[in-house]
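Report on one structure; see the data block that follows.
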Amino acid sequence: MGELRPLGDDLNDASRALAEALRELFESLQVSVRRYAARRRLDPGTVSRYLNGTRLPPWQVINDLFTDVAEHHGTAVTAEAIELVRNLYGSAVDAASSPKHAVEILEQQLADADHVSRRSSVRGDVLGDALLDRTQRIADLETRLNQLEADRITEQKRADELAEAYPDVYGLLRERDALHIEVERLRAELREAQAQRAAAEGRCDLLERQLDAVEQATAAALPPGRRSMPKILVVDDQPDNLLAMTAVLATLEQELVTVSSGREALKALLDHDDFAVIIMDVQMPEMDGYETCAHIKRRSRTRDIPIIFLTAMGTGPEHSARGYAAGAVDYISKPFDPWALRAKVAVFTSIYLERHGQ
């Protein structure tokens, strides 16, 4: 069994504590790093970095490690042990580098959106083939029915004889009507699959642009000559939510303007002209997020400010599609990852600074 690499030299206390706990769990398996990586289809170097603390593993990797330890020893891992490691993991995440963690989250979101797009594309192809087959069958039946009708008109005297000669005519009519209904259903499903694919492709494009911007921001810090940073507008009718958002975005060193309604948001946009991004709740009294967004996009002065919807309504297609149709650049469901939100705000701040030559 190969030895583990020593712990990293420059680890913070939280990362060191998590790495030591993971190493203790791993060593109880009595297998080499390479063998375990092959078992879980992971890169051996990546597993080594997880265990020496130089790279923060996803929680799924830790969960898999618990499963393997339980299987190896024949007993379940205690709830106390899992809670201890979870607390250590949370502390390590808080102490980790936010841009790097944000890139990992955005990459996962990009993978999910790409999966939805590919699945919708395959479903669209299947529905398209089925629709073409049913359409061709309808055309076939229409030809046969037209021929029968022509015969009935031409040989009216033989109507009774033709009815006996073609007893299946009414059955063909019923089959044609049933196929018409099925074709309409298939067309509706195809339109839904195409819309879902288009939404997923749009999200893929947005996530790719955000990844590029985050990686560029990570590789090169802002030069010291930049001074006045743009503001961030936060709109939510719940005071607790505004307080939480203030805590999440405080580390960006930008002025936060917080308001509790859509009308106050429109007034704030009249009083200030240097907002880099707007973070808005959807469910608000009097004027909800969608209506407020529509007012903002109608004003030439504010229509280019990016808007992120942050809501507890969920990320179902009917909600996210309405958000994107209203003009939002992103639609995030609560609870959300604070690192990812800060990273997205940093992206739009960088875009603002580039546009204004700061």
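Computed values, structure above
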| quantity | calculated |
| --- | --- |
| Overall form of the stretch 232-277 per C-alpha gyration tensor (a/c, 1.5; a/b vs b/c) | oblate |
| Gyration tensor (alpha-carbon) shape descriptor, the stretch 255-358, a/c threshold 1.5 | oblate |
| Where the stretch 241-358 is the region considered: accessible area per residue in Å², 1.4 Å probe | 47 Å² |
| Potential extension, Ile181-Ala150 segment - 0.36 nm per residue separation minus Cα distance | 8.6 nm |
| Cβ crowding within 10 Å averaged over residues, with 64-75, 280-291 ranked highest first | 280-291, 64-75 |
| Per-residue SASA entry for Asp237, accessible area with 1.4 Å probe, Å² rounded to 10 | 40 Å² |
| Highest-first arrangement of 189-200, 127-138, where packing means the average Cβ count within 10 Å | 189-200, 127-138 |
| Accessible-area order (highest first, 1.4 angstrom probe) of the listed residues Lys231, Lys157, Lys344, Lys267 | Lys157, Lys267, Lys231, Lys344 |
| Fluctuation leader among Ala343, Ala312, Ala178 - the chain, Gaussian network, Cα springs under 10 angstrom | Ala178 |
| Share of carbon and sulfur in the accessible heavy-atom surface of the chain [1.4 Å probe, %] | 51 percent |
| Cα-based helix-to-principal-axis angle, 262-271 vs the chain, degrees rounded to 10 | 60 degrees |
| Tilt relative to the chain, helix 13-27 - C-alpha long axis, 0 to 90 degrees, to 10 | 70 degrees |
| Förster radius 56 Å - calculated FRET efficiency between Glu71 and Thr143, Cβ distance, rounded to 0.05 | 0.30 |
| Sequence-distant lysines (8 or more away, or on other chains) whose Cα lies within less than 27 Å of Lys231 | Lys100, Lys267, Lys297, Lys334, Lys344 |
| Ile296 accessible area, assembled protein chains, probe 1.4 Å, Å² | 0 Å² |
| Prolate/oblate/rounded label for the chain (Cα gyration tensor, a/c 1.5) | oblate |
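The values are calculated or read from the model by the stated rules, or taken from the named source; none is laboratory data. Since the model is a prediction, treat every value here as computed from it, not as a measurement. As a convention, Cβ positions derive from the backbone with ideal geometry for all residues, glycine included, and neighbour counts pool all protein chains shown. Just so you know, the surface numbers come from the protein's heavy atoms only, side chains and all, with ligands and any DNA or RNA stripped out. Shrake-Rupley method; radii C 1.70, N 1.55, O 1.52, S 1.80 Å.
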